[in-house]
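Heads up, the thing below is written out as structure tokens.
Values quoted throughout were computed directly from the atomic coordinates according to the rules given, and no laboratory measurement underlies them. Quantities reported herein were computed from a predicted structural model and do not represent experimental measurements. Cβ placement follows ideal geometry from the backbone for every residue including glycine, while neighbour counts extend to all protein chains displayed.
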Amino acid sequence: MKRIDSNRDTLHQNRRGIAILWLVIWGSLFMTFFCVVLEIATLWQAQVEVNNCLDAAALAAVNEWEASGSGSTQIPRNVGIAYAAANPILGSTLTLTDNYNPGNLPNENNTCFGNFVFGGLTSLTPPFTFDAGADVTVVGVAPAVRAQATVPVQGFCSALFGFSFLNVSASSTAYFDIGSGQPALARITTYTCP
């Protein structure tokens, strides 16, 4: 039998080159998948923490507002800010502004887009309607506070792919349930602001 001679060194070098190519392709795909999973997990955690933070801020603000006799909203806004600061998002403190304008009666909101919007629920059973211009001293209107924020989140692999921040937005509305004497969260279906 005659043996066919081949150049084994050349064949071995070709295999090594193909292995490196496959390593580069699969390694980059694995790294991309890993980064996408980490980004999604980071955004999910941030969303949960922002929701919890705004829930606490809205509940504390509306409770303080009702305790003060539904008068001035300056102190309840500061209480909401303190509760938001006590609930960090991904280890960072969320700093909210009070959106306070004492000359804009009845609820002293500066704008409808601030972090805190004070108003009232004009329907006390679902579906709830929040009105930022509602006078809460009127019978049938429950004091309510809407806390809203957009928080920039630094992702795990952001620098690797060249983008800096992703934003997480949330809002939470709490009202004072006169029947139970406690603040409660409400899912708003209609939001009006004069």
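Are any residues in the stretch 112-132 of a type in the set (A, V, I, L, M, F, W, C), assigned to a loop (DSSP other than H, G, I, E, B) and over 20 Å from the mean Cα position of the chain (by Cα), and if so, which ones? Write out each step before concluding.
The initial filter retains those residues of the stretch 112-132 that are of a type in the set (A, V, I, L, M, F, W, C), namely 112-113, 116-118, 121, 124, 128, 130, 132.
If we keep only those that are assigned to a loop (DSSP other than H, G, I, E, B) too, we end up with 112-113, 124, 132.
Selection gives LEU124, ALA132.
Given ALA144, ALA174, ALA170, which one is part of a strand (DSSP E or B), surrounded by fewer than 21 Cβ atoms within 10 Å (Cβ to Cβ) and among the hydrophobic types (A, V, I, L, M, F, W, C)? Steps first, please.
Working: ALA144 fails: surrounded by fewer than 21 Cβ atoms within 10 Å (Cβ to Cβ); ALA174 fails: surrounded by fewer than 21 Cβ atoms within 10 Å (Cβ to Cβ).
Sole residue among the options that is part of a strand (DSSP E or B), surrounded by fewer than 21 Cβ atoms within 10 Å (Cβ to Cβ) and among the hydrophobic types (A, V, I, L, M, F, W, C): ALA170.
Could you say whether any residue in the stretch 179-187 is in contact (Cβ under 8 Å) with a residue 24 or more places away in the chain, among the charged types (D, E, K, R) and surrounded by 12 or more Cβ atoms within 10 Å (Cβ to Cβ)?
Scanning the stretch 179-187 turns up no residue that is in contact (Cβ under 8 Å) with a residue 24 or more places away in the chain, among the charged types (D, E, K, R) and surrounded by 12 or more Cβ atoms within 10 Å (Cβ to Cβ).
Report yes if VAL50 is crowded, with 21+ Cβ neighbours inside 10 Å and either more than 22 Å from CYS193 (Cβ to Cβ) or within 13 Å of the chain's Cα centre (by Cα) (or both), otherwise no.
For VAL50, the condition - crowded, with 21+ Cβ neighbours inside 10 Å and either more than 22 Å from CYS193 (Cβ to Cβ) or within 13 Å of the chain's Cα centre (by Cα) (or both) - is met.
Under 26 Å from TRP44 (Cβ atoms), more than 19 Å from the chain's Cα centre (by Cα), surrounded by fewer than 18 Cβ atoms within 10 Å (Cβ to Cβ) and touching a residue at least 40 places away in the same chain (Cβ under 8 Å): does that describe CYS193? Steps first, answer last, please.
Details: under 26 Å from TRP44 (Cβ atoms): no; more than 19 Å from the chain's Cα centre (by Cα): yes; surrounded by fewer than 18 Cβ atoms within 10 Å (Cβ to Cβ): yes; touching a residue at least 40 places away in the same chain (Cβ under 8 Å): yes.
The answer is no for CYS193.
Report yes if ILE75 is outside any strand (DSSP E or B), among the hydrophobic types (A, V, I, L, M, F, W, C) and surrounded by fewer than 20 Cβ atoms within 10 Å (Cβ to Cβ), otherwise no. Please lay out each step first, then the result.
Values: outside any strand (DSSP E or B): yes; among the hydrophobic types (A, V, I, L, M, F, W, C): yes; surrounded by fewer than 20 Cβ atoms within 10 Å (Cβ to Cβ): yes.
Yes.
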